[in-house]
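Values quoted throughout were computed directly from the atomic coordinates according to the rules given, and no laboratory measurement underlies them. Remember, predicted model here, so these are calculated numbers, not experimental data. Quick reminder, even Gly has a Cβ in these numbers, built from the backbone with ideal geometry, and neighbours come from all protein chains shown.
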Amino acid sequence: MNVENTKAQMRKGILEYCILSVISGNSCYASDIINRLKEARVIVVEGTLYPLLTRQKNAGLLSYRWEESQQGPPRKYYELTDQGREYLADLDKSWDELVESIKLIRKK
Amino acid sequence: MKITVSINIGGIAFYIDEDAYSELKRYLRSLEFHFAKEESSAEIMADIETRIAELLKARIGDYKQVVTISDVHEVISILGTPEDISDEQNGGGYERMASTSYHRIYRDPDERIIGGVCSGMAAYWRIDPWIVRVIFIVLSLPGGLGILIYVILWIVLPEARTTAQKIEMKGDPVNIHNIKDSVKEEFENVKKNMKI
């Protein structure tokens with residue numbers, strides 16, 4: 001058993017939740033999402049983000065529009081769909097429940 | 001003086017050193033291969049290329065007009081190799097399989113002289129096969145006991161045929177990384193032999 005693997009499993013579990021949460025705060029570009037996730041140390045390499053973003057978009061949780069940029073080609077600007085907002089609310093609740101469970105368990 | 005190549009990535013044009021171009025091409029191919037099983041793999045690759053272009057653009061300016069190999073290495077470390085990504089995607093799952101690896105004695109068909117018995121046992125203990133062969137020879141001198149033991153082992157021990165078995169023979173964990181490395185190693189050996 002390897003504690004690093006267990007920790008990585010924990011982080012992997014919350015990554016999708018974190019992505020939705022970041023976008024719900026403020027519609028944004030992929031680079032903004034990456035910066036927030038890195039700040040929070042939930043992601044180590046950026047490559048992990050892109051398949052998740054695409055999967056969430058394909059599942060109808062996210063939508064994007066193309067924004068023109070002076071520095072170059074247009075960029076994707078992400079926001080949550082209504083379905084995404086419901087999904088996030090569900091995950092928020094689930095997270096709170098988990099925190100409560102852990103609190104109970106840690107009480108000696 | 002170096003040769004540069006013009007590329008277009010994520011819709012932005014760059015001058016890039018020849019060696020940096022090869023490295024970047026190799027990296028993109030490895031990512032493509034990694035994401036091939038995802039639906040929308042083309043979209044994922046397009047998003048990644050856009051991000052690579054962003055990162056490279058930030059490293060180029062008036063005084064530095066060409067993308068170099070160190071830029072490409074930096075980009076790879078930021079975005080992650082396919083191994084880094086799959087470790088994060090799977091939460092380090094591959095490493096967990098290692099705790100159930102077997103370590104058993106096989107006959108080694110690649111390193112054998114007669115039946116692969118000595119080389120197989122040597123692989124299990126990670127020693128040089130000749131040490132085991134000398135022991136057998138010494139055991140054979142008095143009355144041929146070594147030969148008898150050898151023949152019995154030849155019959156009893158299985159041959160390591162699959163890549164996974166060859167890895168088990170050496171006692172390494174059997175996971176995708178090791179299998180891939182083994183296959184690569186064998187490929188390189190075949191290539192070397194063919195060149196000579």
>> Can you divide the C-alpha Rg of the protein assembly as shown by 2.2 N^0.38 Å and report the result to two decimal places?
In response: 1.38
> Applying 1/(1 + (r/R0)^6) with R0 = 22 Å to the Cβ-Cβ distance of residue B:74 and residue A:40, what FRET efficiency is obtained, to the nearest 0.05?
Replying inline: 0.45
> Can you work out the FRET efficiency for the pair residue B:66 and residue A:10, with r the C-beta to C-beta distance and R0 = 41 Å, to the nearest 0.05?
Replying inline: 0.45
>> Could you check the spin-label model distance between residue A:92 and residue B:36? Points 7 Å from the Cα along Cα→Cβ, value in nm.
In response: 4.3
> In degrees from 0 to 90, rounded to the nearest 10, what is the angle of the helix B:69-79 Cα long axis to the longest principal axis of chain B?
Replying inline: 80
> Based on Cα positions only, what radius of gyration and what Dmax would you give for the range B:16-167, in angstroms?
Replying inline: 25.5, 83
> Which whole-number value in Å³ per residue fits the convex hull of the alpha carbons of chain A?
Replying inline: 125
>> For a Förster distance of 22 Å, can you work out the FRET efficiency between the beta-carbons of residue B:159 and residue B:138, rounded to the nearest 0.05?
In response: 0.30
>> Give me the one-decimal Kirkwood hydrodynamic radius in Å for the range B:117-195, with the sum taken over alpha-carbon pairs.
In response: 14.3
>> Can you list the DSSP H helices in chain A whose Cα atoms extend at least 20 Å along the helix axis and whose mean Kyte-Doolittle hydropathy is 0.0 or higher?
In response: A:3-25
> Based on Cβ point charges of +1 for Lys and Arg and -1 for Asp and Glu, what charge dipole magnitude is obtained for chain B about its Cα centre, in debye rounded to the nearest 20?
Replying inline: 960
>> Rounded to the nearest 20 debye, what is the charge dipole size of the range A:58-98 about its Cα centre when +1 sits on each Lys and Arg Cβ and -1 on each Asp and Glu Cβ?
In response: 300
> What longest range of chain B stays clear of loop-exposed GluC sites (Glu not before Pro) (DSSP non-H/G/I/E/B, at most 15 other C-beta within 10 angstrom)?
Replying inline: B:112-196
>> Between A:34, A:14, A:23, where does the largest GNM mean-square fluctuation fall for chain A, given springs only between Cα atoms within less than 10 Å?
In response: A:14
> Across the Cα atoms of the range B:16-91, what radius of gyration and what greatest pairwise Cα-Cα distance (Dmax) are found, in Å?
Replying inline: 13.1, 42
>> Can you compute the charge dipole magnitude of the protein assembly as shown about its Cα centre, using +1 on each Lys and Arg Cβ and -1 on each Asp and Glu Cβ, nothing else charged? Give it in debye, rounded to the nearest 20.
In response: 920
